[in-house]
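Accompanying notes for the structure given below.
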Amino acid sequence: MTNPGTLFVGIMSNTGLWGAIISTIAITMLGFVLFRTKVLNNESSGAIQKVIINVIIPFLSFYSFLKNADKTDLKTFGIVFGLSVVYYVLLTSMAIIWVKYLPKAIPKSVIARAQRDFDEWQSKIEMGQRQIFNRESYFESLQKKHLVTWLMCIYGSNILFATPIVLGVYPGGIELGALSIWNVLYYIGGFGLSFSLLSGVKFTKQEFKFTMKKAVLNPAFITVIVAIMLWATQFIPGAGERVTKLNKDEIIPVKYGLDLKTGEPLIQNVSVNLKGTFGPNFSSLYGREIKRILTTIDGKPVAKTIVEWFTYDKLTSTWQVYGGKPTGWFDWGVTMPYFAKPISILAGLISPLIWIVIGTSLAKTNIKQMFVRGRNWLFLVYKVILMPLLILLMVLPLVKTKLLSAQVGAILVMTGSVPPGTTVVIYSQHFKVHDDYTSQVSSLATMLSFIFIPLWLVIGTVVLNLI
């Protein structure tokens, strides 16, 4: 078992993690300053946010699946989706039940205290403008507050906050794809269902259709589904990674660098017995099995058979050693790099644009009021302590039984600590559902996310690697 102290130091010295944290803080502060100095305003900030949601996030969703498909990835994606179903469906159902039956469970002492607070507030108002405490109105307001609190806890801003950290710590790994799979149901709940619940309309068959339409027509949702389908086609024979043994060995002239004296290419005839697809630009690769003596961690030599692959470079008309291996057609970084490059550039824009928008949002917040209200800190306990703990408990048995990797599990744990989803906050503002409360708790969670997001990534990684 890995020493906990060594593991912790290894994670905390991860340059990708610290690079992501420092970058987010610096760029967020840039957005804050740009808004306060009026270089950016509400209109420009809103325009950037529309570009992120409608353009950049769909490209990122597509980019996260541009890789070879194997059975291990398929299993991981299936498990992550199953976990997301349990998480989102169970918690959303609990929220609806909780809100529906909340008034009957409230102690009389709480109602009496609320009435005293209301009467005290009314005593400070002119006689002609005073009102009488209304129990039904109080229950309705309390229901809405609990509803929006549940929704902000369940539907966190995974895309805006978790993505930059994943890109910084695990660039190009399966973790980014797992995060996209986890977010599939977020589009339905965070974009569609939350709208219906906070709008207060009766949830009829027609309303259900409207909710689903609002969710599935989201560009990012459509892109994720399309990307998953294209990625899965690599399991069709002939479309994925394939290695076959040649009936007869072939000799190919391979270029092994240049002669230092003459500058001429050093050519060596190599006998190959394997053929693989796909290589660069859908080319076929040829390979040979060779034995190498490797050294284990404890210093003991061990013989291992590896495959050395070769590709034909049409530009120089020579065979060359290929550093990769056969892959599926949807691994565009290999098969179609001319398409993969612009997609990766656009996907890479998400981090700086997101943090600039978040900085402008913090610049609009009444920071003093945000910190002094106790209810805001209570929400923070729910969001950045209880939610990641719940996800940690969910992934623990899966990591322990090797069904899920510790890295993917830690990413899911981290998503529990991200601030509330922007769509839920926007809906609460639009429908005036405790809009002052949602604005303050969202801003508080955002400001402290620089502490809790990496903290939970470290906690999740350490705990899940030690079980």
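Couple of notes before you dig in:
- Exclusive hit being closer than 28 Å to Tyr170 by Cβ and open to solvent by 40 Å² or more (accessible area, probe 1.4 Å), set Val395, Val458, Val381, Val463: Val463
- Selection within segment 448-467 - assigned to a helix (DSSP H, G or I), more than 19 Å from the chain's Cα centre (by Cα) and farther than 13 Å from Leu389 by Cα: Val462, Asn465, Leu466
- When Leu380 is tested against (1) farther than 30 Å from Lys71 by Cβ; (2) not in a helix (DSSP H, G or I), just one condition goes unmet, and that condition is (2).
- Residue that is surrounded by the fewest Cβ atoms within 10 Å (Cβ to Cβ) [pool: residues in segment 238-260 that are under 14 Å from Thr316 (Cβ atoms) and either touching a His at 6+ places or on another chain (Cβ under 8 Å) or of a type outside the set (A, V, I, L, M) (or both)]: Gly257
- Helices (runs of 4 or more DSSP H) contained entirely in segment 155-243, each with at least 1 residues that are at pLDDT 85 or above: 174-182, 219-232
- Scanning segment 405-433 for residues that are more than 18 Å from Ser361 (Cα to Cα) and surrounded by fewer than 24 Cβ atoms within 10 Å (Cβ to Cβ) yields Ser405, Ala406, Gln407, Phe431, Lys432, Val433.
- Evaluation of Gly263 against the conditions (1) more than 25 Å from Thr335 (Cα to Cα); (2) open to solvent by less than 60 Å² (accessible area, probe 1.4 Å); (3) assigned to a strand (DSSP E or B) shows that the sole unmet condition is (3).
- Taking each residue of segment 85-98 that is over 13 Å from Gly189 (Cα atoms) and looking for partners that are of a type outside the set (A, V, I, L, M, F, W, C) with beta-carbon atoms closer than 7 Å, six or more apart or interchain, yields Trp98/His146.
- Ile426 vs. criteria free of Cβ contacts under 8 Å to residues at least 12 places away in the same chain and either in contact with a Gly (Cβ under 8 Å, 6 or more places away or on another chain) or closer than 18 Å to Ala162 by Cα (or both): no
- Residue within segment 84-105 that is open to solvent by 80 Å² or more (accessible area, probe 1.4 Å), at pLDDT below 80, on the phi < 0 side of the Ramachandran plot and of a type in the set (Lys, Arg) present: yes
The values are calculated or read from the model by the stated rules, or taken from the named source; none is laboratory data. What you are looking at is a predicted structure, and each value in this text was computed from that prediction instead of being measured. In this analysis, Cβ positions are derived from the backbone assuming ideal geometry, glycine residues included, and neighbour counts consider all displayed protein chains. All accessible areas refer to the heavy atoms of the entire protein, side chains included, with ligands and DNA or RNA removed. Shrake-Rupley method; radii C 1.70, N 1.55, O 1.52, S 1.80 Å.
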